[in-house]
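Presented below is the structure to which this report refers.
Nothing in this text is a laboratory measurement; each read-out follows from the coordinates by a stated rule. Model, not experiment: these values are computed from the prediction. As a convention, Cβ positions derive from the backbone with ideal geometry for all residues, glycine included, and neighbour counts pool all protein chains shown.
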Amino acid sequence: MKEKLHPSLSVLYLESFYGGSHRDFADGVCTHSRHSIDLRTLPAEMWKRRIRHAALQLVGNDVDPQNYDAVLSGGMMNLADLRALWGADCPRLLMYAHETQFSYPVPEKAGSHDEFLQTDIRNLLIADAIAFNSETHRTTCLTHIREYCARVGIAAAVADVIGNKSCVIYPGCWFEPDNSYDDLNQQKTGSLRIVWNHRWEYDKAPDVFLETLRLLASAGSEFQLLLLGDHTSTAYPIPHDLQKRILHAGYVGSRAAYYRMLSRGDVVVSTALQENFGIAVVEAMYHGCLPLLPARLSYPELLPAGLQEHGLYESPEQLQTRLAEMCTQIQEHGRRQEWRDTQAELQNHMARYAWQRRIADMDSFIAGRVDSSW
């Protein structure tokens, strides 16, 4: 049945951390939404300061709230400031929860982040409606809120109030036209090509990834590397014996070039400690990479049921074993038809995350009418 369109609304989009997935999502909404979006942003830096001050920095004195039907926030700010500033003139406040502190692993030496847990709870209570980027994120957040409330003596009903006005809306991806995997695989020669397209930061556990590669190389497996994330940090140096295996390292200049680079890979690996959705792996799978992902976080939610047994792993040891098996398969048999069949199945499944298919749910959320069922 054809979707019944509701009137276009005027929306103020406040994104206080305009970088990475936040920027990608904001640009996608602005490009594809049928609503009129006024996007205001701050650079993706100093996240603690953004949470404390960004709301008032973004709206300043030149924003008339009566010009908007709704305000959409990426979450990294204090929504209470907007209610306090605008009072009865405050439009509907909508929150898209990219991440919450309740779902984020805190390094041992990071100190207390109780202030930001409380800000998350206040934001989720103040917002008129909340969209989480996965059911995993929503469930994890609500579970941790209940635990936190029990620990500090807050009414347990807080989590129920938040849950009752929340939904799940997956973010969109900027896919290009379908690839021909037969052609791509015919062009691929040599050993297994392993893709890493994540941030080189604590929550993505690059140390586990590098140790797995070191053990794989020590065991005599042949492979090549496509390292597509920023590697300016000195915290995770690439061992010398792995450097000769690198086909590419660092950011790629354009989205089209990045997608072409993904299409050169055979397998995308994640070792993440935290992932609320997983745009990087969705893009890689759409462009022909088989997945090797942790059997936790949001990853089981992304994969078709029939591919979870081989696409998810339980431990670093199992990851190493699976990679070694893939290395051997390519050396002995090449890139076989069954690989191409799996690639085609993955692309068909991942196509549901294209912006053209996701924007309808986001537009309905903005309009106050949500049906995020598949």
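Amide H to amide H under 5 Å from residue 246: which residues, 5+ apart in sequence or cross-chain, H placed 1.01 Å off N in plane?
225
Beyond 19 Å, what share of the Cα-Cα pairs of the stretch 245-304 remains, rounded to the nearest whole percent?
Roughly 32 percent, rounded to a whole number.
By average Cβ neighbour count within 10 Å, what is the ranking of 15-24, 324-333 from highest down?
15-24, 324-333
Could you give the nm distance between label points at residue 255 and residue 189, where each point is 7 Å from its Cα heading toward the beta carbon?
So the two model labels end up 3.4 nm from each other.
Sorted by packing (mean other beta-carbon atoms within 10 Å per residue), highest first, where do 65-74, 85-94 land?
Taking the mean over residues of other Cβ atoms within 10 Å, the ranking is 65-74, 85-94.
Relative contact order for the chain: what percent, with Cα pairs under 8 Å and sequence separation of 6 or more?
Result for the chain is 16 percent.
If packing is taken as the average count of other Cβ atoms within 10 Å, what order do 196-204, 282-290, 345-353 fall into, highest mean first?
282-290, 196-204, 345-353
Just to confirm a number: summing +1 for Lys and Arg and -1 for Asp and Glu over residues other than residue 198 whose beta-carbon lies under 12 angstrom from that of residue 198, what do you get?
Once positives and negatives cancel, what remains is -3.
Go ahead and run the numbers for FRET between residue 356 and residue 310, Cβ-Cβ distance against an R0 of 25 Å, rounding to 0.05.
Once the sixth-power term is evaluated, E becomes 0.30.
May I have the convex hull volume per residue, in Å³, for the Cα set of the chain?
152
What residue among 50, 264, 336 has the largest mean-square fluctuation in a Gaussian network model of the chain, using Cα springs under 10 Å?
336
Take the alpha carbon gyration tensor of the stretch 181-353, find the square roots of its eigenvalues, order them as a ≥ b ≥ c, and report rounded if a/c is under 1.5; if not, report prolate when a/b exceeds b/c, else oblate.
It comes out rounded by the Cα gyration axes.
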